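The values are calculated or read from the model by the stated rules, or taken from the named source; none is laboratory data. Please read all numbers here as calculations on a predicted model, not as lab measurements. In this analysis, Cβ positions are derived from the backbone assuming ideal geometry, glycine residues included, and neighbour counts consider all displayed protein chains. With ligands, DNA and RNA removed, areas are computed over all heavy atoms of the protein, side chains included. Shrake-Rupley method; radii C 1.70, N 1.55, O 1.52, S 1.80 Å.
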Amino acid sequence: MKRVVVDPVTRIEGHLRLELKINETTGQVEDAISSGTAWRGIETILKDRDPRDVWAFTQRFCGVCTTVHAVAALRAVEDALGIQIPKNANYIRNIMSATQTVQDHLIHFYHLHALDWVSPVAALKADPAATANLQNVILDKYTLPLSGPMDFNFDAYPKDFPKATTLYFKEIQGKVQKIVDSGQLGIFAAQWWDHPDYQLLPPEVHLLAVSHYLNVLDRQRELVGSHLVFGGKNPHPHYVVGGMPCSISMNDMNAPVNSARLAVVDTSISLALNMINFFYIPDLLAIGHIYAQKGYLDGGGLAKERVLGFGDFPEDTYTSISDGDYHNRLLLRSNGVVENFGLGAMKATFYGLEGKDLADPNVITEGVDHSWYSYPESGKDLHPFAGVTEPKYTGPKEGTKTDWKSLDEKGKYSWLKTPKWRGRPAEVGPLARYIIVYTKVKQGVIQPTWAEKMVVDQIEAVSKVVGAPPEAWLPTTLGRTAVRGLEAQLYAYINKYFFEKLIKNIRAGDTSVMNSNKWDPSTWPKEARGIGVHEAPRGALGHWVTIKNGKVANYQAVVPTTWNGCPRDDAGGHGPYEKSMIETKVKDAEKPLEILKAIRSFDPCIACATHLYDAEGKEIGIFNTDVYSKG
């Protein structure tokens, strides 16, 4: 048995440590620990703040997720205060959310996860002419001819097809060769390029993928046009409780939103559609097909047993989340829990999950038995409304508090809490959303909207490509990666769908973006509680706020990576990260690429560090919880 430590896990957001016990004879991971090694304290900072400012603070949970925490926070405060936003504000928020997910998934695959699948070093062995030919074959074979409810591509001709010439790939290969020859591999350094997994793909696939890595790197900034137009900037665009802060005028060319700026949003959406349809999807399917043929269908972990989602994209404005109106109006009803999808969609069990359930302490809780926090009553989990963010750092099992040797799997070992649905952990994310929608449609729980039908069509189309039923390929590392691309395609069409609804509503004479009826705190109840949910790129996101006398009395956010990266629960078992590692075979314990591939398929986003400043803007101090950081 070999003990392996990976710390820090790179190409993710935040600080993550993995500890594994690997049977070197069989390659089986016997046990695994996932430890978030940074403390998030923004919930503490929010106490006694003005609820109208909460969205701006929570957005700083992360510099990658940007808008998602703002959306959840806005919904939570509006839920508490009984604020119904205008139609245009709802459409705009949906557009900005879909934009975030599309850009996030593209960046994750090409710039964080791709190097687990393809090698720039192997690309040097490729034949540029054969690569050009392969590009055309892949476009012909691996595009998915699916679309939304209408023809959304208004380009006179497609401008964003991948390049497919011998000279182009020869130039890319030459650039990579210079980097390798220099000995300064930069972002390509510190990788196990001799790992046998890189031999699964022909050199031409590696060269093709490296070229697309550079293509997307050059264009990804153009995908966030809606954030710039409607929110003023990216990352961390502006919002406002009650709607959006961007006035609309089709007559004033100086207005924040006018015909010229709406055209910028439209162009951005069309670019995303082309990048996904002609780059992302074909690349995923080409690589995935080879991996599936070789039988690489492990790493599913908890996805086969239990997934959870909240649902998103309200078609129209709604009264609140708590009263159930939100979930009645969703375009994508991925809300619910599905257990045992590994047996097939028809044998899986579906459980509903709506506003009333999110307020029920018997349904959603968080535990800290293995987390560096303390609760008032030891061993008792808390609902987020009663949640406490009280750090209790105990150090490792072996080593010192600043020099870890091994963590205490029987005690506390992570800064992440353990969220639970009815006492059990669950996986969240794109894979969870797709499993839930697919199961609900197949079992007749819902009659599908056009978006839900597209989910089913995508899954069944990919099943034909890889030659395996959904329950075999979906709950795997490969499936988790592939579904992110499918969801990017779906969300690009959702983006255009809500853009068309916005344009139609503006043409009908409605330019309202703000409901200020309850802006004044004197209109608020003395005490109120609200729930804000959102399907963020990484999964189901929930914010719970309690407001007393016009101030935040308590605030708790249960984020997707807390669901997925949580430490084990003595009663409920391992969380999704740990379970996926245990169900992944390792060829070389010294180079556990398969483990990092499985973990990065979740797109980890560990909460960032905490910074405090006094009223004059002077720094009070820095509290370093990353024991390996030198800064």
**Asked** If you go through segment 255-269 one residue at a time, do you hit one that is touching a residue at least 40 places away in the same chain (Cβ under 8 Å), more than 19 Å from ASN88 (Cβ to Cβ) and among the small types (Gly, Ala, Ser)?
**Response** no
**Residue identified as modelled with pLDDT of 95 or more, touching a strand residue (DSSP E or B) at 6+ places or on another chain (Cβ under 6 Å) and surrounded by 14 or more Cβ atoms within 10 Å (Cβ to Cβ) among GLU578, GLU594** = GLU578
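Among the listed residues GLY444, GLY395, GLY379, identify the single one that is within 30 Å of ILE281 (Cβ to Cβ), assigned to a loop (DSSP other than H, G, I, E, B), without any contact (Cβ under 8 Å) to a residue 24 or more places away in the chain and not hydrophobic (A, V, I, L, M, F, W, C). First the steps, then the outcome.
Values: GLY395 fails: within 30 Å of ILE281 (Cβ to Cβ); GLY379 fails: within 30 Å of ILE281 (Cβ to Cβ).
So the residue among GLY444, GLY395, GLY379 that is within 30 Å of ILE281 (Cβ to Cβ), assigned to a loop (DSSP other than H, G, I, E, B), without any contact (Cβ under 8 Å) to a residue 24 or more places away in the chain and not hydrophobic (A, V, I, L, M, F, W, C) is GLY444.
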**Item:** From the options SER516, SER512, SER522, residue that is hydroxyl-bearing (Ser, Thr, Tyr) and outside any loop (DSSP other than H, G, I, E, B)
**Value:** SER522
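What do you reckon, is THR389 open to solvent by 50 Å² or more (accessible area, probe 1.4 Å) and of a type in the set (Val, Ile, Thr)? It would help to see each step written out before you state the result.
Values: open to solvent by 50 Å² or more (accessible area, probe 1.4 Å): no; of a type in the set (Val, Ile, Thr): yes.
Against the criterion (open to solvent by 50 Å² or more (accessible area, probe 1.4 Å) and of a type in the set (Val, Ile, Thr)), THR389 does not qualify.
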**Candidate set from segment 152-194 (those that are in a loop (DSSP other than H, G, I, E, B) and of a type in the set (Lys, Arg)); member that is modelled with the highest pLDDT** = LYS163
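Sort through PRO469, PRO537 and tell me the only one that's in contact (Cβ under 8 Å) with a residue 24 or more places away in the chain and crowded, with 24+ Cβ neighbours inside 10 Å. Steps first, please.
Numbers: PRO469 fails: crowded, with 24+ Cβ neighbours inside 10 Å.
Within the list PRO469, PRO537, the selection yields PRO537.
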**Prompt:** If we scan segment 13-20, do we find a residue that is open to solvent by less than 10 Å² (accessible area, probe 1.4 Å), within 19 Å of the chain's Cα centre (by Cα) and not charged (D, E, K, R)?
**Reply:** yes
**Request:** Examine segment 371-381 for a residue that is at pLDDT 95 or above and either open to solvent by 20 Å² or more (accessible area, probe 1.4 Å) or within 14 Å of VAL533 (Cβ to Cβ) (or both), and state whether such a residue exists.
**Result:** yes
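Specify the residue that is surrounded by the most Cβ atoms within 10 Å (Cβ to Cβ); the eligible residues are those in segment 21-47 that are of a type in the set (Val, Ile, Thr) and not in a strand (DSSP E or B).
Initial filter on segment 21-47 (of a type in the set (Val, Ile, Thr)): 22, 25-26, 29, 33, 37, 42, 44-45.
After this cut, where a residue has to be not in a strand (DSSP E or B) as well, the list is 25-26, 37, 42, 44-45.
Numbers: THR25: 7, THR26: 10, THR37: 24, ILE42: 20, THR44: 14, ILE45: 17.
Checking each candidate, the answer is THR37.
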**Message:** Can you say whether VAL307 is at pLDDT 95 or above, within 30 Å of GLN28 (Cβ to Cβ), surrounded by 15 or more Cβ atoms within 10 Å (Cβ to Cβ) and β-branched (Val, Ile, Thr), as far as the supplied structure shows?
**Reply:** yes
**Prompt:** Does any residue in segment 365-376 that is under 16 Å from ILE33 (Cβ atoms) come within less than 6 Å, Cβ to Cβ, of a residue that is among the hydrophobic types (A, V, I, L, M, F, W, C) six or more places away or on a different chain, and which pairs are these?
**Reply:** TRP372/TRP415
**Asked** Right, SER247: touching a Pro at 6+ places or on another chain (Cβ under 8 Å) and either buried (at least 19 other Cβ atoms within 10 Å of the Cβ) or not hydrophobic (A, V, I, L, M, F, W, C) (or both) or not?
**Response** yes
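Residue under question is GLU487, and the condition is that it be in contact (Cβ under 8 Å) with a residue 24 or more places away in the chain and buried (at least 24 other Cβ atoms within 10 Å of the Cβ); does it hold? Please lay out each step first, then the result.
Working: in contact (Cβ under 8 Å) with a residue 24 or more places away in the chain: yes; buried (at least 24 other Cβ atoms within 10 Å of the Cβ): yes.
Here the answer is yes, as GLU487 does meet what is asked.
Output the helices (runs of 4 or more DSSP H) that fall wholly within segment 67-142 and possess 3 or more residues being open to solvent by 10 Å² or more (accessible area, probe 1.4 Å), within 30 Å of ALA209 (Cβ to Cβ) and of a type outside the set (D, E, K, R), or say none. Working first, answer last.
Details: elements: 67-81, 87-107, 128-142.
So the answer is 128-142.
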**Request:** Would you point out the residue of segment 400-431, among those that are open to solvent by less than 10 Å² (accessible area, probe 1.4 Å) and not in a strand (DSSP E or B), that is nearest to VAL368 (Cα to Cα)?
**Result:** TYR413
